[in-house]
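Encoded as structure tokens, the structure appears first; notes follow it.
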Amino acid sequence: MKIVLDTLGGDRPPQELIAGGVAAIREYDIEVVFAGDRSLIERELSKHRSLKYSIVHAPEEITMNEAPIEAVRKKKNSSLVQGIRAVRQGEADAFVSPANTGAVMAAALFNLGRLPEIDRPGIGVLVPTLEGRRTLIIDVGANAECDPEHLLEFGVMGTIYMREVLGIKNPRVGLLNIGEEPQKGDTQAQKAFAYLQQELPNFAGNVEPNRLVEGGFDVVVTDGFTGNICLKAYEGAATVTVRYLKREIEKSFLAKLGLPFLWPSLNRLKREVSAVQYGGAPLLGVRGVVIIAHGNSNAEAIKNAIRVAKEAVEHKIVEKIERGVHESLVHLGLVPVLRGSP
């Protein structure tokens with residue numbers, strides 16, 4: 001298995017990302033295709049022996065503050081564009097990048113294209129819950145505005161992903177909203193509720209953001225603007241909670257005495273809720289495995305993002321989503337609707 005790693009465009013230096021790729025090679029027994037500046041990559045990899053790797057020389061970098069579509073069109077020799085092209089040409093099985101999310105999506109759409117009957121690809125992120133299992137939130141940044149039909153697509157794709165990758169037989173799908181009752185939210189949210197309730201057999205109702213981490217839902221659908229805010233608020237709250245606990249422990253002599261016993265639990269909590277642990281978010285609905293890592297990903301986060309890509313390839317998630325979406329929408333009689341036909 002070959003997985004392309006984009007070594008440019010993230011918040012951290014390429015050396016950090018390359019270290020994550022090296023760790024993934026050793027732990028997952030795969031070949032990593034490093035996309036970026038050849039001389040820099042070779043210099044870093046010369047420190048290691050017995051690695052399965054190759055290099056795509058692509059010295060141009062698409063930065064976080066560039067307009068995504070314009071950058072993808074102009075910078076043909078960027079690590080991002082060349083890396084995704086390697087997947088399109090069959091030279092690699094998946095692509096992982098911590099670069100500009102909009103640019104990753106634009107490059108994926110231009111070079112790989114959408115799956116049939118998918119109007120809007122969505123970014124899905126797995127977050128932990130108190131039940132001890134994870135919930136997939138989709139979309140968390142690809143589409144600022146979504147119609148009910150797009151949310152249905154997310155629900156179907158999320159269902160297939162959770163069933164095939166995490167082994168959940170009948171995933172429960174929820175709609176992110178400000179309340180649990182059907183009449184909650186604005187007009188668009190109410191329309192989405194009614195539509196999902198009618199068309200998605202495994203739809204289980206609204207879910208409030210503060211109840212999301214309690215569990216009960218396997219997939220939560222929303223537009224990318226709301227989903228991104230929800231995800232960042234979740235990450236921020238988790239970080240603040242850990243820091244608050246540490247600060248309060250420092251204030252108490254008795255708490256300090258118990259710190260050696262608490263420390264392992266605090267570290268487990270920090271890791272469980274950290275973006276490092278879930279590694280990367282799959283862009284579902286495109287013709288290839290594309291994993292978007294957090295912009296500030298360190299080596300461990302990159303290693304875990306490559307793990308997510310490996311799992312998606314092993315489970316043939318693209319093929320299963322294509323087949324599953326078609327079968328689901330045909331069964332519901334909705335294929336013409338989602339293609340834009342009357």
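The values are calculated or read from the model by the stated rules, or taken from the named source; none is laboratory data. Bear in mind the structure is a predicted one, so any value in this text is a computation, not a measurement. Cβ coordinates were reconstructed from backbone atoms using ideal geometry, including for glycine residues, and neighbour counts include every protein chain displayed.
Annotations
- Of everything listed in (1) of a type in the set (Val, Ile, Thr); (2) within 17 Å of the chain's Cα centre (by Cα); (3) assigned by TED's automatic domain parsing to the domain that holds Gly215; (4) not in a strand (DSSP E or B), the single unmet condition for Thr135 is (4).
- The set of residues from region 1-46 being under 19 Å from the mean Cα position of the chain (by Cα) and in a helix (DSSP H, G or I) comprises Leu17, Gly20, Gly21, Ala24.
- Filtered by the rule that a residue be outside any loop (DSSP other than H, G, I, E, B), polar (S, T, N, Q) and farther than 12 Å from Pro182 by Cα, region 193-210 gives Gln198, Asn210.
- Residues being under 21 Å from Glu319 (Cβ atoms) and part of a helix (DSSP H, G or I) - total across region 153-192: 13
- Filtered residue count, region 217-230, keeping only those that are in contact with a strand residue (DSSP E or B) (Cβ under 8 Å, 6 or more places away or on another chain) and either surrounded by fewer than 20 Cβ atoms within 10 Å (Cβ to Cβ) or part of a strand (DSSP E or B) (or both): 5
- Filter pass, Glu208 being in the same structural domain as Leu136 (by TED's automatic domain parsing), in contact (Cβ under 8 Å) with a residue 24 or more places away in the chain and surrounded by fewer than 19 Cβ atoms within 10 Å (Cβ to Cβ): yes
- Residues of region 105-139 satisfying the condition of being of a type in the set (A, V, I, L, M) and at positive phi: none
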